[in-house]
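Novice: A single structure is presented below for examination.
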Amino acid sequence: MDFQNTFEFAKKLDEQDPLKHFREMFYIPILFGKECIYFTGNSLGLQPKRTQDYVVDELEDWASLGVEGHLHARNPWLPYHEFFPKQLSKLVGSKENEVVVMNSLTVNLHLLMVSFYRPTKKRYKIICEAKAFPSDQYAFETQARYHGFDPAEAIIEVLPREGEFTLRTEDIISTIKKHGDNVALVLFGGVNYYTGQLFDMKSITSAAHEAGAYAGFDLAHAAGNVELQLHDWNVDFACWCSYKYLNSGPGGVAGVFIHEQHVANNELPRFAGWWGYTKETRFKMEKGFEPIPTAEGWQLSNAPVLSMATHKASLDIFEEAGMERLHAKRKLLAGYLHFILQDINDRQNEKALEIITPSDETERGCQVSMLMLKRGKEIFNELTKKGVLADWREPNVIRVAPVPLYNSFEDVWQFGNIIESILK
Ligand SMILES: *Cc1c(COP(=O)(O)O)cnc(C)c1O
């Protein structure tokens, strides 16, 4: 599409947007007396207006039913987690028996590493991206230590080439090949939180399998954002949180994918709890763990219904919007943002910023990361004063993410207009 950096053009795109009415389903935070330009849906997604009702329903049923709510609440609590696989499987490209909602993200990453990081003397290395999210780095490091390995030796980070910001798939694959039968696990983000780069999960998974290793992904910045086909790509496992693109509230309950070929494998070691136990006989409360032969077999505890209610509210909106329409709008929004930033940059005497997110739309999601070449922090603070909620990452990167459910093309144009006025 031939974009134009004008208010009229942005307005026209909004008018043609089949998802435009979804914005009204969300609370847009107020900054200095008016609705802000909310570009931090990659950090904490906005609250759907219906969320309160979903939570209040559970509080009411708890008040009126007490323990009986497990079976007789309008949405019975005992199988509450069973509401999710149908919808989630569309978001991540899985079968229903491959996904479960439980715990929080880093907890799940550890639980999955318990099953899929089984280092031996020879095969013990974890290949990951440099600048993985800190929580993931700490998980890798402490898992390596837990098994008696020196993290400095066990963890191999793939770095961008000199003068580049993002990773080349060929470099990821050659690193996996190079370490060959020393590799136990290849574990990448789906989308890197810092650069916004979307990794080629299919190729990375194949390369890991060729080396005889497992492939797992942290999809915190990918779930609800980019197209995923976890089952078809043969990904072994994945996990994600629900409070970023999935709009399920701070610290919300998280998601897990385990490929069908592993779900019934009782040989895989795991840390178990009663909620992973075969449903028919769970309440016999007997000794000897017998896992449910689906991803549910990794559950530990009974469902945290209040936080699952916020998740349900959000996933119902995703269902109504449809992933295809969301992906189409997401590509257009991010494309427009790239165009506008490039346009502003081109009109400066001296380049003001460098976009470090890939310009190829198959290598990115919503997020655009800008390396500020001068006055970065000052520009960021000025943005906040002018009603833009963006995100600052040391030393000099501003991350913005227009998300298709509630951001508009006008938001993108306004943002460009504000940046340009600050640069003047
Ligand atoms: C946001 C994020 C986390 C946060 O983990 P929590 O356990 O939810 O606090 C971890 N990893 C990645 C890649 C993230 O983007």
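Just so it is clear, none of the values below were taken in a lab; they were calculated from the coordinates. Model, not experiment: these values are computed from the prediction. Reconstructed Cβ throughout: ideal geometry from the backbone, glycine too, with neighbour counts over all protein chains shown.
Novice: Between L300 and D343, what is the spin-label point distance in nm, taking each point 7 Å from the Cα along the Cα→C-beta axis?
Specialist: Rounded to a tenth, the inter-label distance reads 5.1 nm.
Novice: Can you list, largest first and rounded to whole Å, the semi-axes you get for region 334-386 by taking the square root of 5 times each eigenvalue of its Cα gyration tensor?
Specialist: 20, 14, 10
Novice: Could you compute the FRET efficiency for T384 and L65, with r as their C-beta to C-beta distance and R0 at 60 Å, rounded to 0.05?
Specialist: The computed FRET efficiency comes out at 0.85.
Novice: Still on this structure, I have one more. So for region 55-319, taking the charge dipole from beta-carbon charges (+1 Lys/Arg, -1 Asp/Glu), which of C241, P119, Y80 sits furthest toward the positive end?
Specialist: It is P119, whose Cα lies furthest towards the positive end.
Novice: Related question: In square nanometres and to one decimal, what's the mean projected area of the convex hull around the Cα atoms of the chain? Before the final figure, lay out each step's value.
Specialist: On the way: hull surface 87.7 nm².
Orientation-averaged projected area of the Cα hull: 21.9 nm².
Novice: Taking the Cα centre of the chain as origin and charging only Cβ (+1 Lys, Arg; -1 Asp, Glu), how large is the dipole, in debye to the nearest 20?
Specialist: 620
Novice: I need the Kirkwood Rh of region 25-106: take the reciprocal of the average 1/r across all distinct C-alpha pairs and report it in angstrom.
Specialist: 15.7
Novice: Using a Cα-Cα cut-off of under 16 Å, which lysines could be cross-linked to K284, ignoring same-chain neighbours fewer than 8 residues away?
Specialist: Leaving aside lysines fewer than 8 places away in the same chain, none come within reach of K284.
Novice: Please list 238-248, 365-375, 173-183 highest first by mean number of surrounding beta-carbon atoms within 10 Å per residue.
Specialist: Values: 238-248: 27.6, 365-375: 21.4, 173-183: 16.8.
Per-residue Cβ counts within 10 Å, averaged per peptide and sorted highest first, yield 238-248, 365-375, 173-183.
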